[in-house]
Amino acid sequence: MNNPPVSVEQFVMAYEAEQDRIRAMLPDGYTSLRPVLRINSEIRNDRVLYLEFNTPVEADGRRGWLNIANWKSINDNIRYTREERKVTITAPFLELSYTGTGIEGGCPAEKDNEGCYYIGGDPEFRPAETIDQRKEFCDCEFTWKFHEGDAHGSSEGKTIAVCCMPVSNEYKKISMTAENAASIPCVRVLGAYIVRFHRIPV
């Protein structure tokens, strides 16, 4: 019996953070590609929320995203509200909002995205999902709330590209956790978009 398609609203935002501090978190075998941290949010069938926290890496000859952490509304008290074009997503550890601008376009960072690495108890690499719908650029604000002083920021009304930075600081190795990543200050928000599509369950 085939499962029905899932209606997905996917919100994506990325921000710049010190790359050397990102490097200090990465497990052996993963190379940081850019000074970027990314939050993916999905509203599925208008009721289920899913969040991911990622950073771009290269490993085993593939370029993609390394999953730092992920959460589901059924377990982690994640909620959302709508106010005209604005969607606000809240959790005990995060608040972020997206306001659609009505301007459509593509995302340059997806050009070297082969998929996502998940390295928890059962490591796997998931190939990138093919989405043929147009993306709508958004204004975005976010605040991590694990601890006082965690990363926060707001978009500048444009998409900003960043390149890999040379090593300039050597930091002590730390665990790759959402709390450690969220403690790295946001330099600036690089951009945000929303895309709506239907996902066929496998």
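The values are calculated or read from the model by the stated rules, or taken from the named source; none is laboratory data. Small disclaimer: the values here were computed from a predicted structure and weren't measured. Cβ: placed from backbone, ideal geometry, glycine included. Neighbour counts: every protein chain shown.
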**Asked** Looking only at the stretch 8-34, which residues are of a type in the set (Asp, Glu) and either at pLDDT 95 or above or buried (at least 19 other Cβ atoms within 10 Å of the Cβ) (or both)?
**Response** Glu9, Glu16, Glu18, Asp20
**Message:** Please pick out the residue among Gly100, Gly191, Gly157 that is surrounded by 12 or more Cβ atoms within 10 Å (Cβ to Cβ) and on the phi > 0 side of the Ramachandran plot.
**Reply:** Gly191
**Request:** Return the only residue of Arg38, Arg47 being of a type in the set (D, E, K, R), surrounded by fewer than 21 Cβ atoms within 10 Å (Cβ to Cβ) and at pLDDT 95 or above.
**Result:** Arg38
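Listed here are the residues, each with its yes/no results for (1) in contact with an Asp or Glu (Cβ under 6 Å, 6 or more places away or on another chain); (2) not in a strand (DSSP E or B).
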| residue | (1), (2) |
| --- | --- |
| Thr143 | yes, no |
| Glu156 | no, yes |
| Ala161 | no, yes |
| Gly191 | no, no |
**Prompt:** Quick check, is Val87 in contact (Cβ under 8 Å) with a residue 12 or more places away in the chain and under 30 Å from Glu58 (Cβ atoms)?
**Reply:** no
**Request:** Considering (1) at pLDDT 95 or above; (2) more than 13 Å from Arg21 (Cα to Cα); (3) not hydrophobic (A, V, I, L, M, F, W, C), say which one Glu124 fails and leave the rest.
**Result:** (1)
